[in-house]
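Here's the structure we're looking at; comments come further down.
The values are calculated or read from the model by the stated rules, or taken from the named source; none is laboratory data. Computed from a predicted model, the values in this text were never measured in an experiment. Using ideal geometry, Cβ is built from the backbone for each residue, glycine included, and neighbour counts are taken over all protein chains shown.
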Amino acid sequence: MSQTATPVRRSATEQRAAFRPLWIATFVSALGTGLVYPVTAIHIATDLRLGVPAVALFYGTFAVAAGVFGPLGGSLATRFGARLTAVAGGSCQIAAWTIMACVSGMPQVMVVAALSGFGSSLFFPALFSTILSGLPEELRKRTFGFRYTVINLGIAAGAALSGLLVVRAAPSVLFLANAVSFVPVILWVWRHGDGGEAAEPSADAESAEERAEQGAEESAGRSSVWSGAFGIALAVTFLMSAFGAVQLESTVPLILRRLAHESLSVVTVVTVVNAVAVVLLQRVLRARVDRFGNAGAVALSAGLWVAAYAIGLLATGLPGHRSWWGEGLLMCFAVVFAAGEVVAASSLTPLIVGLVAPGAAARATGISGSAWSLGTLAGPAAGSTAVALAGPMGSWGVLAAGGAGALLLGLWLRGHGGGRRRNEGKRHGC
């Protein structure tokens, strides 16, 4: 029997009190991720002497597991509640990184990748449905945008701390620290997720009409996920993942180093400028993004990425690109790309949940998580193939084409009333 209940709207004071511990927990979790972010690949390839192909297989297995089991995570969160699903998913993550601290061969590395991907597919639908529970529509973009900023700060701090600790501590210590970092977020979901006092109105207080409405919403959460607009939104999610933020970590460095022959210091500066811009632009873009609908904001973020790739082409594909103006254009690329990241982070999940019935948020985010995971596999593969075969102009062109596809689909959603189902929910007091 489902444990989900009709979300109860919190006051502004209650929301701040509920989310303040979440931001602390999110920062701690991201700090743990940052600790192992630069170490994991080196540990697998060098310390375990498994080579670079093993690193690719590790991340590929993680993405496949997260993609395959994403819908399951959403269904479990809907059926059994966010609390139990978050504990199950978080426990898998803790177990995975604990095992990573003592692995000695390829089979164990694959177990870690599969277990971590599976845990991710369970945990994030539970987390997102808890964040969205009782959160007004007008605060969704701001909330998810701020979450993205906190994650970036945590990962950056963790990566910097990792650089200091790796010369004094064994990688196993960092992996164990990452395992422990999941605990605060799990506890937050346990405190605020389905089944808590804030989410379960007492039976004595419910009228027969309210109980009937709640039953209809729960039934909708089990059955009414798919629609034409939702399918288009999944395609947008896939394209945004494949040709969006992941490219800054995969294809763009290859273009700059192998095709444009930029120095490693220039590549590093581009990454740092991007990270700083993500933090600074959060406040600058917050009010402006709120003026767009969800689909319009997603289309805007894709358009910003297309513009960034065009700037990248100008910076690296023209004669004299290694002069001062070429490097200046690369800094512009980093800032425009960061703007696209901020807008995408604040609008993509609200777009997905706005297209389904109120009780289906967990399932919807689970399915969209699968599309995102598949995109993280396809995007770097397409980008690296373009680098190998198409040269600088062709490589930037492939990235821009993928972004343009997301832009066109986002505009289609905006023009065809993508939020219709959400608005129907609002008329019922959801």
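In the range 95-129, which residues are β-branched (Val, Ile, Thr) and surrounded by 20 or more Cβ atoms within 10 Å (Cβ to Cβ)? Explain how you work it out, then say what you get.
Applying the first criterion (β-branched (Val, Ile, Thr)) to the range 95-129 yields 98-99, 103, 109, 111-112.
Scanning the range 95-129 gives 103, 109, 112.
Picking from 45, 30, 18, 41, which residue would you name as being modelled with pLDDT of 90 or more, assigned to a helix (DSSP H, G or I) and of a type outside the set (D, E, K, R)?
Numbers: 45 fails: modelled with pLDDT of 90 or more; 18 fails: modelled with pLDDT of 90 or more; 41 fails: modelled with pLDDT of 90 or more.
Exactly one of 45, 30, 18, 41 is modelled with pLDDT of 90 or more, assigned to a helix (DSSP H, G or I) and of a type outside the set (D, E, K, R), namely 30.
So which of 327, 341 is acidic (Asp, Glu) and under 30 Å from residue 75 (Cα atoms)? Before the answer, list the steps.
Details: 327 fails: under 30 Å from residue 75 (Cα atoms).
None of the other options fit; the residue is 341.
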Checklist entry - Within the set of pairs 6+ apart or on separate chains, which have a first residue in the range 288-307 that is of a type in the set (Asp, Glu), a second that is crowded, with 22+ Cβ neighbours inside 10 Å and part of a helix (DSSP H, G or I), and C-beta atoms under 7 Å apart? => result 290/141
Checklist entry - Going through the range 31-74 one residue at a time, which ones are charged (D, E, K, R) and either closer than 20 Å to residue 180 by Cα or out of contact with any helix residue (DSSP H, G or I) (no Cβ under 7 Å at 6 or more places or on another chain) (or both)? => result 49
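Grab the helices (runs of 4 or more DSSP H) fully contained in the range 239-316, keeping just those with 2 or more residues being more than 19 Å from the chain's Cα centre (by Cα). Write out each step before concluding.
On the way: elements: 246-249, 251-254, 264-290, 294-316.
Helices (runs of 4 or more DSSP H) meeting the threshold: 251-254, 264-290, 294-316.
Take residue 132 and decide whether it is surrounded by fewer than 24 Cβ atoms within 10 Å (Cβ to Cβ), aliphatic (A, V, I, L, M), under 24 Å from residue 345 (Cβ atoms) and not assigned by TED's automatic domain parsing to the domain that holds residue 346. Break it down into steps so the answer makes sense when it comes.
Numbers: surrounded by fewer than 24 Cβ atoms within 10 Å (Cβ to Cβ): yes; aliphatic (A, V, I, L, M): yes; under 24 Å from residue 345 (Cβ atoms): yes; not assigned by TED's automatic domain parsing to the domain that holds residue 346: yes.
So residue 132 fits the description; yes.
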Checklist entry - Since residue 342 meets every condition but one in (1) in contact (Cβ under 8 Å) with a residue 40 or more places away in the chain; (2) surrounded by fewer than 24 Cβ atoms within 10 Å (Cβ to Cβ), which condition does it not meet? => result (2)
Checklist entry - Considering only residues of the range 323-339 that are small (Gly, Ala, Ser) and either at pLDDT 90 or above or part of a helix (DSSP H, G or I) (or both), which is surrounded by the fewest Cβ atoms within 10 Å (Cβ to Cβ)? => result 328
